[in-house]
Amino acid sequence: MAGSDIKITEKDIDKAIASADFEKIDYCIDNLRDNIYKSNSEELKKAYISLWKERVILRFKEQIEKEALTEFLPPVSEYSLKTVENVILMIAGAYSYDLDKWDDYIFPYKSTYENLYKKHLIDSSEDQLLRVLNHLFELRKYLVNLENHPLVHKFNLPLFERFNSLIMNKLKELYQKALEIYTRVKPFIKDNLFNIEASIDLNKNLPKEYPDQSERMKKLWEYMCNPEFNSTLQESAHKLYVFREKFPSLNHFLYLCDYEDDWSHLLSGECGCHYLLPEIEKINNVGYILHNMTDHLNYSIHEIIYATEFKFSLNVEIEEMIQ
């Protein structure tokens with residue numbers, strides 16, 4: 001392999017991959033990362049990305065096996081983003097639709113789905129199907145990140161900066177709406193039980209500027225924006241929660257109290273690049289919501305930057321105390 005000061009060879013990388021050993025793969029990844037700083041070799045970049053792909057897939061397989069989910073997962077090539085997406089469409093579609101509404105995406109999974117329901121309790125099967133979907137969306141996120149890796153594709157800074165600005169402004173708007181409601185109901189709270197929840201999420205409609213406008217991608221986007229499918233956390237992109245306490249400050253709500261009021265320090269890893277890139281280091285005023293969506297939830301930063309539409313949810317509960 002070309003490049004100076006290389007401590008490992010292609011044979012070492014092949015052995016690490018064949019071993020399915022996280023420790024050996026991580027050793028090779030760390031070694032290549034150090035050497036990429038010193039060399040602009042395309043071979044090093046490709047090897048680095050390939051190793052991360054192996055690690056991601058190994059972790060996915062380990063999770064599926066550990067959680068005894070193998071029988072709920074149709075045959076899938078984890079190396080192929082399209083195949084992973086096909087399986088997501090099968091399982092999410094089967095979970096979402098009535099049995100008499102099988103479409104072309106779901107039909108290949110019909111017999112497997114019906115056999116699972118004969119073998120397991122319905123509630124149990126649904127829980128396991130959701131866990132499979134959570135893992136599949138996580139795998140998909142990493143595959144998208146690796147296909148758009150900043151080492152081989154220029155990161156779209158203008159789109160990112162637009163998205164960050166849009167969503168931060170929407171968060172401030174949500175905060176003001178919640179504060180207005182809190183101010184109005186405060187005189188009636190007294191000693192009653194009180195809570196307010198305000199959350200923001202991506203619109204389930206595929207962004208108009210997204211490069212792929214196929215019906216297939218529209219379904220994938222809709223499923224991805226379903227918190228139940230997207231992550232075991234089942235969280236919104238960002239949430240404000242107040243329970244019988246002083247209303248938080250705007251900075252507290254935006255998580256701009258830590259890390260010098262900025263979350264850009266984590267952005268490189270969430271772009272799929274596990275070391276800082278100069279152009280990413282220059283980005284300022286990155287909100288926590290970007291970290292939550294691209295790390296804790298299963299959104300790829302390379303996709304969500306096309307989004308321009310969001311949805312709010314705001315719920316208030318006052319439970320009167322009876323003496």
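Looking at region 219-226, is at least one residue assigned to a loop (DSSP other than H, G, I, E, B), in the same structural domain as Asn315 (by TED's automatic domain parsing) and under 24 Å from Leu129 (Cα atoms)? Spell out the reasoning first.
Just the residues of region 219-226 that are assigned to a loop (DSSP other than H, G, I, E, B), to begin with: 225-226.
Narrowing further to those that are in the same structural domain as Asn315 (by TED's automatic domain parsing): 225-226.
From the residues that got through so far, the ones that are under 24 Å from Leu129 (Cα atoms) too are 225-226.
Checked region 219-226: at least one residue is assigned to a loop (DSSP other than H, G, I, E, B), in the same structural domain as Asn315 (by TED's automatic domain parsing) and under 24 Å from Leu129 (Cα atoms).
Being touching an Asp or Glu at 6+ places or on another chain (Cβ under 8 Å) and either outside the structural domain of Leu44 (by TED's automatic domain parsing) or of a type in the set (Lys, Arg) (or both) is true for just one of Asn205, Asn169. Which residue is that?
After applying the criteria, what remains is Asn205.
So which of Lys218, Lys208, Lys204 is of a type in the set (D, E, K, R) and closer than 19 Å to Leu81 by Cβ?
The conditions single out Lys218.
Inspect region 70-85 for any residue being aromatic (Phe, Trp, Tyr), assigned to a helix (DSSP H, G or I) and either modelled with pLDDT under 85 or within 21 Å of Asp295 (Cβ to Cβ) (or both) and give the result as yes or no. Full working, then the answer.
Initial filter on region 70-85 (aromatic (Phe, Trp, Tyr)): 72, 79.
Next cut, assigned to a helix (DSSP H, G or I) only: 72.
Of the ones still in play, those that are also either modelled with pLDDT under 85 or within 21 Å of Asp295 (Cβ to Cβ) (or both) are none.
Within region 70-85, not a single residue is aromatic (Phe, Trp, Tyr), assigned to a helix (DSSP H, G or I) and either modelled with pLDDT under 85 or within 21 Å of Asp295 (Cβ to Cβ) (or both).
If the Cβ limit is 8 Å and pairs must be 6+ apart or interchain, which residue in region 187-214 that is of a type in the set (Asp, Glu) pairs with which residue that is part of a helix (DSSP H, G or I)?
These pairs meet every condition: Asp201/Pro227.
Step by step: first the residues of region 57-76, then only those that are under 13 Å from Leu133 (Cβ atoms) and of a type in the set (A, V, I, L, M), then the one that is surrounded by the fewest Cβ atoms within 10 Å (Cβ to Cβ). Which residue is that?
Leu69
Just one of (1) surrounded by 14 or more Cβ atoms within 10 Å (Cβ to Cβ); (2) under 28 Å from Gln176 (Cβ atoms) trips up Glu228, so point out which.
Exception for Glu228: condition (2).
Out of all the residues in region 283-301, is one or more part of a loop (DSSP other than H, G, I, E, B), more than 18 Å from the chain's Cα centre (by Cα), farther than 30 Å from Trp221 by Cβ and modelled with pLDDT under 80? Please lay out each step first, then the result.
Residues of region 283-301 part of a loop (DSSP other than H, G, I, E, B): 283-287, 297-300.
Okay, now just the ones that are also more than 18 Å from the chain's Cα centre (by Cα), so 283-285.
Those left that are additionally farther than 30 Å from Trp221 by Cβ: none.
Within region 283-301 (the criterion being part of a loop (DSSP other than H, G, I, E, B), more than 18 Å from the chain's Cα centre (by Cα), farther than 30 Å from Trp221 by Cβ and modelled with pLDDT under 80), the answer is no, since none of the residues qualifies.
Only one residue in Tyr79, Tyr175 is surrounded by 15 or more Cβ atoms within 10 Å (Cβ to Cβ) and either in contact with a helix residue (DSSP H, G or I) (Cβ under 7 Å, 6 or more places away or on another chain) or more than 30 Å from Phe312 (Cα to Cα) (or both), so which one is that? Talk me through it step by step, then tell me what you get.
On the way: Tyr79 fails: surrounded by 15 or more Cβ atoms within 10 Å (Cβ to Cβ).
Step by step, each of Tyr79, Tyr175 is checked, and only Tyr175 is surrounded by 15 or more Cβ atoms within 10 Å (Cβ to Cβ) and either in contact with a helix residue (DSSP H, G or I) (Cβ under 7 Å, 6 or more places away or on another chain) or more than 30 Å from Phe312 (Cα to Cα) (or both).
Out of region 26-56, which residues are part of a loop (DSSP other than H, G, I, E, B) and buried (at least 16 other Cβ atoms within 10 Å of the Cβ)?
Residues satisfying the conditions are Ser39, Ser41.
The values are calculated or read from the model by the stated rules, or taken from the named source; none is laboratory data. Being a predicted model, the structure only gives us computed values, none of them experimental. Glycine also receives a Cβ, built like all others from the backbone with ideal geometry; neighbour counts cover every protein chain displayed.
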